[in-house]
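None of the figures in this text is laboratory data; all of them are computed from the coordinates on show. All of these numbers come straight from a predicted model, not from anything done at the bench. Reconstructed Cβ throughout: ideal geometry from the backbone, glycine too, with neighbour counts over all protein chains shown.
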């Protein structure tokens, strides 16, 4: 008896490419700072353990770089959903889409205009973003505020996928 699952004659279709995808990695300053931290650790340990100091410095820098990459959220529009970090919402539940093109507008949206119930996916190194209103009557979250370096492209992808319709 054959325990293998039956397969159709057609190969599996590849998943469609997302309309928008961005990993919010830090800018060059954070990468330089992580290397600088490794150098500081190595120089600090040099008088105490000269053979261990360079390895410890490299290890610290590597751990910081890996942590920065691992914790960088992904913002994506795919499969009828907006994903921002661990959260996801179907596009049909989205209302108005407002790109935020300047750091000053983002500061205002995160400060005096912020509703405490809003979902915020923020990275300080991405100084622009997008505000998306939710139309789900069962969800107490009034809107999402999402950091992105490409707010116009994210807004276009959401509108193209049916947000605000």
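Remarks
- Test for residue 70: is it closer than 18 Å to residue 35 by Cα, without any contact (Cβ under 8 Å) to a residue 12 or more places away in the chain and surrounded by fewer than 16 Cβ atoms within 10 Å (Cβ to Cβ): yes
- The stretch 132-146: number of residues that are touching a residue at least 12 places away in the same chain (Cβ under 8 Å) and closer than 16 Å to residue 88 by Cβ: 10
- Applying the condition of being out of contact with any strand residue (DSSP E or B) (no Cβ under 7 Å at 6 or more places or on another chain) and closer than 30 Å to residue 155 by Cα to the stretch 21-64 and asking which residue is surrounded by the fewest Cβ atoms within 10 Å (Cβ to Cβ) yields 28.
- Within the stretch 79-123, being under 13 Å from the mean Cα position of the chain (by Cα) and without any contact (Cβ under 8 Å) to a residue 24 or more places away in the chain holds for 83, 86, 88.
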